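See structure below.
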Amino acid sequence: MDYDFLVKKAMEARENAYAPYSGFRVGACIQTSDGRIYTGCNVENSSFGAAICAERTAIVKAVSEGSTKISAIAITSDSDRLTYPCGICRQVISEFAGDDIKIICSDKKGQYKIYGMNDILPHAFTREDME
Ligand code: THU
């Protein structure tokens, strides 16, 4: 898997961020198990609670196109620190995570660290918990 490529695509997607309220631009790029690539950015709203994170933009694009298994997701922002998915996005990534998914958390320059699903969301709530 080409992690550098996914981070680069996330950085490109960050350019489309619509973040006039927070000023915090985020970009994401996912690779699905069928080899497809989907990007996303955060899309904010004057009704703040309606904001959509970059990760979920990319995931909803993939699922709505028929790809439901994520092999890898890269996330970046304009921060000097690595950008980690928020809690809601961790839950949504978990819903569509393929086996051994890689979560690639990048800083603004494209330096990154790679995590597994269990690293960022241990004891996730899943469909099995509803049986
Ligand atoms: N944001 C993301 O896009 N992804 C995250 O995982 C963290 C937060 C966005 C939401 C909002 O537009 C801005 O960053 C500030 O929270």
**Complete:** Here the qualifying pairs (Cβ atoms under 8 Å; residues six or more apart or on different chains; first in the stretch 39-59 and basic (K, R); second near the ligand (Cβ under 9 Å from one of its atoms)) come out as R56/G40; R56/I88; R56/C89
**Message:** Take the residues in the stretch 92-131 that are surrounded by fewer than 15 Cβ atoms within 10 Å (Cβ to Cβ) and either in contact with a Phe, Trp or Tyr (Cβ under 9 Å, 6 or more places away or on another chain) or touching a residue at least 40 places away in the same chain (Cβ under 8 Å) (or both); name whichever of them is farthest from E15 (Cα to Cα).
**Reply:** I114
**Fill in**
Within the stretch 5-56, residues of a type in the set (S, T, N, Q) and part of a loop (DSSP other than H, G, I, E, B) come out as N16, S22, S33, N42, N45, S46, S47
**Prompt:** Looking at this structure, is R90 assigned to a helix (DSSP H, G or I) and more than 21 Å from Y18 (Cβ to Cβ)?
**Reply:** yes
**Asked** Within the stretch 67-85, which residues are polar (S, T, N, Q) and away from the ligand (no atom under 12 Å from the Cβ)?
**Response** S67, T68, S71
**Request:** Check S67, S79 and return the single one that is part of a loop (DSSP other than H, G, I, E, B), buried (at least 19 other Cβ atoms within 10 Å of the Cβ), among the hydroxyl-bearing types (S, T, Y) and modelled with pLDDT of 95 or more.
**Result:** S67
**Prompt:** Do the conditions hold for I88, that is, is it among the β-branched types (V, I, T), at negative phi and surrounded by fewer than 24 Cβ atoms within 10 Å (Cβ to Cβ)?
**Reply:** yes
**Prompt:** Take the residues of the stretch 31-62 that are away from the ligand (no atom under 13 Å from the Cβ) and touching a helix residue (DSSP H, G or I) at 6+ places or on another chain (Cβ under 9 Å): which is nearest to I114 (Cα to Cα)?
**Reply:** Q31
**Complete:** Result of the Cβ filter at 6 Å on the stretch 27-38, keeping first residues that are under 12 Å from K8 (Cα atoms) and modelled with pLDDT of 95 or more and partners that are of a type in the set (F, W, Y) and surrounded by fewer than 23 Cβ atoms within 10 Å (Cβ to Cβ), at least 6 apart or interchain, is none
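The values are calculated or read from the model by the stated rules, or taken from the named source; none is laboratory data. Here the structure is a predicted model, which is why all the values come from computation and not from measurement. Neighbour counts run over all protein chains shown; Cβ positions are idealised from the backbone, glycine included.
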